[in-house]
């Protein structure tokens with residue numbers, strides 16, 4: 001059975017139910033009988049949705065081939081930060097556990113060696129510490145900043 | 001869009017910030033060193049990282065092929081040691097080694113010392129190492145140490161009698177507890193008590209032993225010098241039982257005690273059917289299961305027959321399963337199992353040294369119980385070792401009276 005999904009920029013994607021229900025969000029809509037018409041996804045743009053659906057389709061196709069799947073996943077997640085961010089938001093909104101897991105891990109790997117300033121810039125976080133407060137915190141664990 | 005020109009910055013969309021749970025999911029995958037740095041990113045991150053609930057979800061995913069083991073020098077001086085009273089506490093070093101190959105990764109020094117010299121290893125649990133020092137007044141001073149975030153804490157003093165201690169974690173309440181039972185006890189009034197320290201309350205208390213004791217019987221904890229096994233939320237002790245039968249002391253069947261760290265209740269667990277009480281018992285953990293080594297220490301000169309049992313299903317009466325039977329030559333002591341199921345033992349023998357003197361040498365070997373292959377560990381120093389599992393953890397972060405170094 002085929003489902004129709006509509007991205008935030010009004011592009012329609014026709015997709016097999018088996019593929020689409022990798023998303024727990026879509027799965028519950030189907031189970032509640034709300035999937036007869038086009039399913040609007042206002043939080044996901046077409047570019048991201050296309051990638052997400054590719055992930056879902058490959059997870060159905062390669063389900064039995066662990067090695068091939070891992071190779072696909074490794075290649076899939078090598079995207080630039082802007083795309084990764086979008087994938088993360090989409091995976092969270094659509095509740096696709098394995099994609100969310102992989103994307104979180106990739107972001108964690110990226111953030112690992114950064115300084116606090118770089119973290120703030122990357123994730124758009126406002127520094128609500130005063131310079132004195134921040135200095136105190138640095139002093140508590142000086143070795144973590146030095147090596 | 002302008003922001004796409006700058007490679008390091010994600011698109012700034014104030015209404016599309018990552019949800020909190022996703023941010024926490026990402027943080028939970030970071031190594032502790034990064035987390036300590038990121039505490040100053042913003043106030044919500046500062047408190048989230050130290051939140052006990054976050055601590056329990058933190059699982060850094062390192063691409064390492066092996067787990068870690070810490071070699072900790074024990075406090076027994078070697079027989080050939082010449083200088084009495086030489087303070088070795090300042091030289092106490094822990095060695096972090098890969099537990100598959102036992103190759104040294106790095107050494108780190110104890111950040112604390114005590115005037116009585118040698119630390120006794122109480123145990124390790126979820127990244128925390130626990131040590132005690134015997135003070136002059138025959139009581140113990142305890143330290144909890146988290147080497148991954150460079151923090152330690154000396155526990156408040158206790159007025160407990162001489163006890164055998166272990167450390168475990170109460171996963172339900174995100175708490176660590178140090179527990180001791182008396183080394184010798186009997187059915188007395190008042191009844192014997194268990195000493196319990198809880199990190200969350202930062203205090204010691206006594207609880208009743210709570211198990212049925214037989215009259216005319218004395219109970220003794222087996223004096224293992226290695227850490228008590230913490231398995232399935234319980235700490236374990238072996239008790240030797242001496243019965244008074246018509247005025248004569250008689251050795252009765254051993255008892256296995258388990259202490260539920262969460263409910264703080266003791267109970268007796270079944271032991272496998274034994275050949276006789278002349279077999280010594282060593283209880284430990286093997287790949288997360290409770291394990292028992294039975295051995296006869298004076299059967300033949302220099303060769304110790306052993307049986308190794310595993311409790312397949314924790315607490316279930318008939319689930320003791322005999323895994324291996326073997327004989328170990330020149331065995332001095334069992335130390336424990338590695339994460340891969342290799343048995344670490346200490347052996348001793350007389351060797352002729354370079355200046356033609358007969359010297360007693362200790363050595364440590366990893367025994368593969370499937371193949372019986374023995375691998376000698378290259379330890380530089382001729383003293384005793386302990387084994388613990390090193391884990392990155394945020395435990396002790398922001399605790400009371402915690403010292404950073």
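Laboratory data are not the source of any read-out in this text; all were calculated from the coordinates shown. These numbers were taken from a predicted model, which means no experiment stands behind them. So basically every Cβ, Gly included, is an ideal-geometry build from the backbone, and we count neighbours across all protein chains shown.
Quick one: B:58, B:234, B:248, A:59, fewest Cβ neighbours within 10 Å first, how do they rank?
Working: B:58 20, B:234 24, B:248 7, A:59 17.
So the residues, fewest neighbours to most, are B:248, A:59, B:58, B:234.
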Rounded if a/c is under 1.5, else prolate if a/b is larger than b/c, else oblate: which is the stretch B:237-345, with a ≥ b ≥ c the root eigenvalues of its Cα gyration tensor?
oblate
Before anything else, pin down the relative contact order of the stretch B:215-285: Cα pairs under 8 Å, at least 6 apart, normalised by residue count, whole percent.
29
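Give me the percent relative contact order of the stretch B:111-230, please, defined on Cα pairs under 8 angstrom at least 6 residues apart. Each step should come with its number before you reach the end.
Numbers: 222 pairs, mean separation 24.0, N = 120.
So the answer I get is 20 percent.
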Exposure proxy ranking, count of Cβ atoms within 10 Å, fewest first, for B:211, B:293
B:211, B:293
Cβ-derived FRET efficiency at R0 56 Å, residue A:95 paired with residue B:202, nearest 0.05
0.85
What 222 nm value per residue comes from the helices of the protein assembly as shown, counting each DSSP H run with n ≥ 4 as -39,500 (n - 2.57) and dividing by all residues, nearest 500 deg cm²/dmol?
-6000 deg cm²/dmol
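Is the shape of the stretch B:292-405 rounded, prolate or oblate, going by the alpha carbon gyration tensor and its root eigenvalues a ≥ b ≥ c, with a/c under 1.5 for rounded and a/b larger than b/c for prolate? Provide the component values of the computation, followed by the final result.
Working: a/c = 2.57, a/b = 1.14, b/c = 2.24.
Judged from the Cα gyration tensor, the stretch B:292-405 comes out oblate (a/c at least 1.5, b/c at or above a/b).
Taking each pair of distinct Cα atoms in the stretch B:151-298 once, what is the resulting Kirkwood hydrodynamic radius in Å? If you can, show how the numbers build up before the last one.
Numbers: mean 1/r = 0.0612 Å⁻¹.
With all distinct Cα pairs of the stretch B:151-298 included, I get 16.3 Å.
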Can you tell me the Rg and the Dmax, both Å, for the Cα atoms in the stretch A:45-106?
10.9, 31
With the label point 7 Å along the Cα-to-beta-carbon line of residue A:4 and a cut-off under 14 Å to each amide N, the hits in the stretch A:37-64 are A:37-41
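Can you work out the FRET efficiency for the pair residue A:66 and residue B:248, with r the C-beta to C-beta distance and R0 = 56 Å, to the nearest 0.05?
Details: r = 66 Å, r/R0 = 1.17.
According to the calculation, E is roughly 0.30.
In whole percent, what relative contact order does the stretch A:1-145 give with Cα contacts below 8 Å and a gap of six or more residues? Intermediate values should be presented prior to the final figure.
Numbers: 122 pairs, mean separation 29.1, N = 145.
It rounds to 20 percent for the stretch A:1-145.
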What is the angle, in °, between the Cα long axis of helix A:46-61 and the longest principal axis of the Cα atoms in chain A? Nearest 10 is fine, range 0 to 90.
70
Quick one: grab Rg to one decimal and Dmax as a whole number for the stretch B:90-220, Cα atoms only, in Å.
16.9, 52
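Given R₀ = 60 Å, what would the calculated FRET efficiency be for residue B:372 paired with residue A:43, taking r from the Cβ atoms and rounding to 0.05?
Working: r = 61 Å, r/R0 = 1.01.
For R0 = 60 Å, the calculated efficiency reads 0.50.
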Once label points are set 7 Å from the Cα along Cα→Cβ at both residue B:47 and residue B:172, what is their separation, rounded to one decimal in nm?
2.8
Note on the stretch A:1-125: alpha-carbon gyration tensor, axes a ≥ b ≥ c; rule is a/c under 1.5 for rounded, else prolate if a/b larger than b/c, else oblate; result oblate
Quick check: pseudo-label points 7 Å beyond the Cα along Cα→Cβ at residue A:58 and residue B:340, how many nm apart are they?
3.3
Residue B:20 paired with residue B:115, simple spin-label distance in nm, labels 7 Å along Cα-to-beta-carbon:
5.0
To check my understanding: the extent here is largest minus smallest coordinate of the Cα atoms along each principal axis. What are those three numbers for the protein assembly as shown, in Å, largest first?
93, 57, 56
